[in-house]
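What follows is a short report on a single structure.
The values are calculated or read from the model by the stated rules, or taken from the named source; none is laboratory data. Model, not experiment: these values are computed from the prediction. Backbone-built Cβ (ideal geometry, glycine too); neighbour counts: all protein chains shown.
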Amino acid sequence: MGRLIAQRLLAMLPLLLIVSFLTFSLTAMLPGDPADLILGDRATEAQYRMVHERLGLDQPFLLRYVQWLQRAVLGDLGTSFFNSVRVMDAVAQRIPATVSLTLASVLISIVVGLSAGVAAALRPRSWIDRLATFGATIGQAIPNFWFGILLAGVFAVNLRWFPATGYTPFGQSPLGWLSSITLPALALGLSTSAAIARQVRSAMVGVLQQDYVRAALAQGLSRRRVIFKHALKNALIPVVTVLSFQVTVLLGGALIVEHVFAINGIGSLAVAAVRQQDIPMIQGIVLVLVMIVMAVQLCTDILYGLINPKARPA
Amino acid sequence: MSDLVEIVDVTVTYWSRPGLGLRPKPFHAVKNATLAIATGKTLGLVGESGSGKSSIANALLGLVPVGSGTMRFDGQDLAAMTGGYPPEVRKRIQAVFQDPYSSLNGAMTVEQIVSEPLRVHTETGAEDRRQRAAELLSLVGLDPAHLGRYPHEFSGGQRQRIAIASALALQPRLIVLDEPVSALDVSTQNQIINLLYERQEELGIAYLLIAHDLALVHHISDRIAVMYLGHIVEEGPADRVYHAPAHPYTKALLDAVPLLDPERQRQRRAERKRETVPDLPRAADRGCAYSNRCPFAMNRCRVEAPPAYAVQEGGTAACFLLDENEKETRT
């Protein structure tokens with residue numbers, strides 16, 4: 001197992017380098033000159049030169065990249081073009097809301113998806129299976145922001161069980177955090193729950209037809225033990241793969257759901273940065289998100305090795 | 001001495017699940033089957049696919065309910081145990097299935113697979129289980145050092161040995177072998193059959209050996225039963241059934257094995273072409289299930305279902321050709 005982790009970590013390094021280069025070059029190639037935005041349309045040539053010098057835009061591209069990378073490795077992602085906020089501080093301030101929203105919805109989709117999928121698989125073509133399949137279709141078809149508005153309307157505005165907007169940091173009040181995160185996480189987790197339920201159902205139906213399930217039953221193992229010890233572990237292998245894709249989807253969806261619930265997460269920061277062409281900010285946000293996604297993939301690979309002996313390096 | 005397993009008049013029925021508003025339709029996979037297996041002996045059960053062999057196995061293992069009839073194991077009626085077998089019975093009937101690639105759980109180590117029955121049915125401690133698992137591996141000719149490996153690291157034959165080790169773990173009195181070698185290549189088949197035979201000699205286990213290869217079954221069985229579309233058409237001592245089949249279907253099964261001599265094989269193929277038989281095995285609506293394919297079918301066969309007639313050299317066959325009255329009228 002240690003070897004698997006080491007292998008994956010090593011493989012991440014070149015990937016990280018490539019991604020950082022792409023991030024840097026793509027944002028550097030954005031049309032328009034950031035100096036235009038800073039100076040307005042009545043600036044002189046000298047003023048332009050001064051701003052370019054201050055932002056380092058007069059340097060050659062590759063040099064800028066190397067300098068940026070050097071600082072990034074040390075945890076310094078530069079300073080915003082427009083206010084002297086350090087990118088790292090801005091991201092660090094906004095990321096907890098986004099990450100906790102994503103994690104909460106992952107948790108919700110695992111719980112909902114697994115139980116619905118297993119319940120459906122145990123009795124194929126029964127009413128519970130039909131209900132779960134129908135629910136999964138609806139769940140995947142409903143856009144998360146719309147579901148979010150619906151949830152907010154019912155549970156926040158009418159029933160007043162949860163706040164309609166805002167985010168309470170966990171450190172400030174764990175209970176407040178939970179109640180502020182519940183509705184957005186439900187809204188965000190809906191389609192992933194549906195995707196996981198479908199995957200669990202089909203994987204489980206397949207596994208339950210395997211001879212080792214028949215063999216285990218014939219050996220006198222209880223149905224519960226066969227379902228949870230033998231079948232579920234094998235059925236989870238494809239589910240883990242789907243989940244790892246879904247985390248990326250969730251992270252993207254979080255940016256929209258944040259907007260619906262007026263949560264100051266990374267989403268609003270990113271939108272503002274793109275609008276202003278705040279290049280260091282965009283680069284910083286993208287890099288951090290990419291690293292989160294890569295960390296998720298690493299966890300997936302490790303989890304995969306844990307549940308599937310065939311995925312372990314010999 | 002009474003037999004270890006006595007199956008009398010057992011019917012296994014599956015129900016189709018139609019859409020809304022339609023009644024479920026029954027399908028009789030096994031009809032009024034009667035079989036017996038003596039302690040420490042092997043009963044070979046042969047027949048083409050869909051003949052109900054595996055349904056008998058599943059019924060015996062308690063995996064599908066028995067529609068009617070009695071199924072005794074060691075004096076207890078299994079057919080009456082609708083809520084699953086009690087552990088004492090469960091422990092004593094084990095199974096080995098056809099496909100060793102799907103019958104072993106790929107997420108478990110060999111040690112876990114082999115010792116799981118002990119873990120579930122006995123109070124054995126972890127260390128003892130480990131030791132017993134090692135013994136079981138040597139018993140089936142595998143290296144006990146491989147306990148920590150996973151099934152995907154083994155070949156088909158080795159995997160089947162692991163499955164057998166697991167089935168032997170509780171020292172059962174009966175092992176249901178559902179096509180244990182059909183997924184293996186021929187050289188491995190013999191090794192596994194020999195292994196099964198040797199363990200039977202030592203441990204006195206009875207086997208229900210299900211296969212479609214009559215020659216292979218003959219090799220290791222004491223008695224052979226032949227099934228056709230849910231019916232047991234012939235049963236008797238292995239040598240008698242193999243060398244002197246009494247039922248036309250058993251003869252047809254034996255004739256299906258190609259001959260080594262090309263000249264004789266060609267001759268036989270020509271003979272076979274002259275007989276017109278439907279390709280799809282479908283039971284005749286009335287009378288003997290085999291009557292629509294049988295070259296000897298008489299009018300009576302299409303009306304009446306033949307009972308099991310005693311065969312002179314031992315066993316029974318469900319065919320009117322054995323009826324004394326028929327013999328008289330034909331001569």
Inset, instruction - Could you list, in sequence order, all residues of the range B:172-188 that are under 16 Å from B:SER103 (Cβ atoms) and more than 14 Å from every other protein chain (Cβ to nearest Cβ)? - result: B:VAL181, B:LEU184, B:THR188
Legend entry - Residue selected from the range B:125-155 under the condition away from chain A (no Cβ under 14 Å) and of a type in the set (Gly, Ala, Ser), by the criterion nearest to A:ALA311 (Cα to Cα): B:SER155
Legend entry - The listed residue being closer than 30 Å to B:ALA59 by Cα and assigned by TED's automatic domain parsing to the domain that holds A:ALA187, out of A:PHE245, A:PHE228: A:PHE228
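Return yes or no: is B:VAL96 within 14 Å of chain A (Cβ to nearest Cβ), within 29 Å of B:ASP255 (Cα to Cα) and crowded, with 23+ Cβ neighbours inside 10 Å?
Details: within 14 Å of chain A (Cβ to nearest Cβ): yes; within 29 Å of B:ASP255 (Cα to Cα): yes; crowded, with 23+ Cβ neighbours inside 10 Å: yes.
The answer is yes for B:VAL96.
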Inset, instruction - Could you grab me the full set of residues in the range B:37-65 that are farther than 19 Å from B:GLU179 by Cα and of a type in the set (A, V, I, L, M, F, W, C)? - result: B:ALA38
Inset, instruction - Go over the candidates B:LEU63, B:LEU45 one by one and state the one that is surrounded by 23 or more Cβ atoms within 10 Å (Cβ to Cβ) and either touching a Leu at 6+ places or on another chain (Cβ under 8 Å) or at pLDDT 90 or above (or both). - result: B:LEU45
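Please determine whether any residue of the range A:258-275 is farther than 30 Å from A:ILE38 by Cβ and not in a loop (DSSP other than H, G, I, E, B).
From the range A:258-275, those farther than 30 Å from A:ILE38 by Cβ are A:260-261; that's our starting set.
Next, only the ones that are not in a loop (DSSP other than H, G, I, E, B) stay: A:260.
For the range A:258-275, residues farther than 30 Å from A:ILE38 by Cβ and not in a loop (DSSP other than H, G, I, E, B): present.
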Legend entry - Residue check for B:ALA79: more than 14 Å from chain A (Cβ to nearest Cβ), in contact with a Pro (Cβ under 6 Å, 6 or more places away or on another chain) and either surrounded by 17 or more Cβ atoms within 10 Å (Cβ to Cβ) or without any contact (Cβ under 8 Å) to a residue 60 or more places away in the chain (or both): no
Inset, instruction - Residues being surrounded by fewer than 20 Cβ atoms within 10 Å (Cβ to Cβ), hydroxyl-bearing (Ser, Thr, Tyr) and facing chain B (nearest Cβ under 9 Å): count how many of those fall in the range A:204-258. - result: 1
Legend entry - Selection count, the range B:175-230, where residues are surrounded by fewer than 19 Cβ atoms within 10 Å (Cβ to Cβ), among the aliphatic types (A, V, I, L, M) and in contact with a strand residue (DSSP E or B) (Cβ under 9 Å, 6 or more places away or on another chain): 1
Legend entry - Out of A:GLN93, A:GLN67, A:GLN47, sole residue that is assigned by TED's automatic domain parsing to the domain that holds A:MET291 and either without any contact (Cβ under 8 Å) to a residue 24 or more places away in the chain or in a loop (DSSP other than H, G, I, E, B) (or both): A:GLN93
Legend entry - Filter pass, B:SER103 being under 23 Å from the mean Cα position of the chain (by Cα), under 29 Å from B:HIS219 (Cβ atoms), polar (S, T, N, Q) and crowded, with 20+ Cβ neighbours inside 10 Å: yes
Legend entry - Which listed residue, of B:THR70, B:THR39, is touching an Asp or Glu at 6+ places or on another chain (Cβ under 8 Å), in a loop (DSSP other than H, G, I, E, B) and of a type outside the set (D, E, K, R): B:THR39
Inset, instruction - For the range A:175-197, state whether one or more residues are in contact with a helix residue (DSSP H, G or I) (Cβ under 6 Å, 6 or more places away or on another chain), within 14 Å of another protein chain (Cβ to nearest Cβ) and not acidic (Asp, Glu). - result: no
Legend entry - Residue identified as without any contact (Cβ under 8 Å) to a residue 60 or more places away in the chain, more than 24 Å from A:GLY206 (Cα to Cα) and touching an Asp or Glu at 6+ places or on another chain (Cβ under 9 Å) among B:ALA133, B:ALA145: B:ALA133
Inset, instruction - Give the residues of the range B:56-71 that are more than 9 Å from chain A (Cβ to nearest Cβ) and not hydrophobic (A, V, I, L, M, F, W, C), sorted by residue number. - result: B:PRO65, B:GLY67, B:SER68, B:GLY69, B:THR70
Legend entry - Criterion violated by A:ALA164 - all others in (1) touching a helix residue (DSSP H, G or I) at 6+ places or on another chain (Cβ under 9 Å); (2) surrounded by fewer than 13 Cβ atoms within 10 Å (Cβ to Cβ); (3) part of a loop (DSSP other than H, G, I, E, B); (4) not assigned by TED's automatic domain parsing to the domain that holds A:THR23 satisfied: (2)
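Those residues that are hydrophobic (A, V, I, L, M, F, W, C) and closer than 28 Å to B:TYR249 by Cβ, I need them from the range B:43-77; list them, please. Show your work before the answer.
Of the range B:43-77, the ones hydrophobic (A, V, I, L, M, F, W, C) are B:43, B:45-46, B:56-57, B:59-61, B:63-64, B:66, B:71, B:73.
Answer for the range B:43-77, where residues must be hydrophobic (A, V, I, L, M, F, W, C) and closer than 28 Å to B:TYR249 by Cβ: B:LEU43, B:LEU45, B:VAL46, B:ILE56, B:ALA57, B:ALA59, B:LEU60, B:LEU61, B:LEU63, B:VAL64, B:VAL66, B:MET71.
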